[in-house]
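Here the structure is laid out as structure tokens; the discussion comes afterwards.
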Amino acid sequence: MKKFRIGLAVLAAVFVLGACGSKKDSATEKEEKKDIKIACNQISENSLKAAKKSMEAEGYTPEFVVFSNNIEALQAVQDGNVDASFAQHEPFMKSFNEQKGGDLAMMKPHVYYTGIGLYSSKHDKIDELPDGAQIAIMNDAMNRDNSLLMMQDAGLIKLNDEKKSGYTALDIVDNPKNFKFVEIEQAQTVRSLEDLDAATCFFTFMFNSGEDYKDYLIRDQHAEDFPISLIVKDKSKDTDWAKEINQSLATKESKKGINDHFKGVFTFYE
């Protein structure tokens, strides 16, 4: 019986030590994560490249994985195929969480924001848009909402005042010039300018297409409410790597590189 008790004690000690070792290894792995995969699109990849040296100065080896659209990029984070994403604004991320059952979080402090404008290659002024003009708006929930609110702010349409957000064309209660709204994937709105009277486009997509992003008929009035910074799984938001990678995007060197490339497309939070 005595030997049996000793055997149980030894076995218990082995389990305890093994558990402690496992926890220690897990904690060490969490603290020492240095190879970081970041999802992006063709535009945000340039911001990440400008911040790469700042990331490397913190001891990280970043890899930038380019996706063709923002949903795929966020899904890659959600599925654990990449560690983070940098391209999408916060309302877009929240919409993804609601629609896809995601648990993504945006790091703070926020890095920067950009804007959207209503552009036309056929008309030089907003009052030149003809009756029945066809206007492209972005087809995802958050950016469609922002597009319609921008046009309401400019007095072009009036939306149902019983709602505060989540607008669609069905919520238009006054449309004096009978504009026709065509929903298009956000990255394709610039291309639609060839065929339609006007289109709501991100500054970033206009710039990337070689167009003058400042040549808008009207622009949004609340761009700062759409912050962009590193997006990670909620469980990762308190890790050192997530904080330091996010901070790397706003160093003096990173800001200069981003501004040199994008010529003012982005505004940094101070």
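The values are calculated or read from the model by the stated rules, or taken from the named source; none is laboratory data. Quick caveat: nothing in here was measured; it's all calculated off a predicted structure. Cβ: placed from backbone, ideal geometry, glycine included. Neighbour counts: every protein chain shown. To get the accessible areas, we keep the full protein, side chains included, count just its heavy atoms, and leave off ligands, DNA and RNA. Shrake-Rupley method; radii C 1.70, N 1.55, O 1.52, S 1.80 Å.
Its residue count N fixes a reference of 2.2 N^0.38 Å for the chain, and the Cα radius of gyration divided by that reference is 1.30.
Beta-bridge orientation, the chain: approximately 50 percent antiparallel, per DSSP, counting only bridges with both partners inside. For the range 120-183, the set of trypsin sites (Lys or Arg not before Pro) satisfying both a DSSP loop assignment and a count of at most 10 other C-beta atoms within 10 Å is given as Lys125, Lys164.
Couplings 3J(HN,Hα) for the range 80-94, derived from phi with the Karplus relation 6.51 cos²θ - 1.76 cosθ + 1.60 (θ = phi - 60°), are x, 7, 9, 8, 7, 9, 9, 4, 9, 7, 4, x, 5, 4, 5 Hz, where x marks Gly and Pro. A simple rule links phi to the HN-Hα coupling: the Karplus curve 6.51 cos²θ - 1.76 cosθ + 1.60 with θ = phi - 60°, which for the range 129-143 gives 4, x, 4, x, 4, 8, 10, 7, 10, 5, 8, 7, 4, 5, 7 Hz, with x for Gly and Pro. Put a dot 7 Å past the Cα of Asp79, heading toward its Cβ, do the same for Ile126, and the two dots end up 4.2 nm apart.
Amide H contacts for Ile218 (H built 1.01 Å from N in the peptide plane; partners 5 or more residues away or on another chain; cut-off under 5 Å): Leu118. Close amide H partners of Ile157, meaning residues 5 or more places away or on another chain with modelled amide H under 5 Å apart, are Gln152.
When the label point is put 7 Å from the Cα of Ser209 along its Cα-to-beta-carbon vector, which residues of the range 139-182 have a backbone N closer than 13 Å? Of the residues in the range 139-182, none has backbone N under 13 Å from the label point off Ser209. Could you state the number of Å between the C-alpha centres of the range 195-241 and the range 47-126? With the range 47-126 and the range 195-241 each reduced to a Cα centre, they are spaced 9 Å.
Please report, to one decimal in angstroms, the Kirkwood hydrodynamic radius of the range 187-270 built from all distinct Cα-Cα pairs.
On the way: mean 1/r = 0.0657 Å⁻¹.
Computed over the range 187-270, the radius equals 15.2 Å.
With a ≥ b ≥ c the root eigenvalues of the C-alpha gyration tensor of the range 97-245, is it rounded (a/c under 1.5), prolate (a/b larger than b/c) or oblate? Prolate shape, in that a/c is at least 1.5 and a/b is the bigger ratio.
Quick check: residue separation of Glu194 and Lys256 times 0.36 nm, minus the Cα distance between them. What number comes out in nm? It would help to have the intermediate numbers written out before the result.
On the way: separation 62, 0.36 × 62 = 22.32 nm, distance 3.37 nm.
In short, 19.0 nm is gained.
Taking each DSSP H run with n ≥ 4 as -39500 (n - 2.57) and averaging over every residue of the chain yields -12000 deg cm²/dmol at 222 nm.
Against the criterion of solvent-accessible heavy-atom surface with a 1.4 angstrom probe, Tyr216, Tyr113, Tyr119 sort, most first, into Tyr216, Tyr113, Tyr119.
Scalar couplings 3J(HN,Hα) for the range 218-231, obtained by applying the Karplus form with A = 6.51, B = -1.76, C = 1.60 to θ = phi - 60°, are 9, 9, 5, 10, 9, 4, 5, 7, 10, x, 10, 7, 5, 10 Hz; x denotes Gly and Pro.
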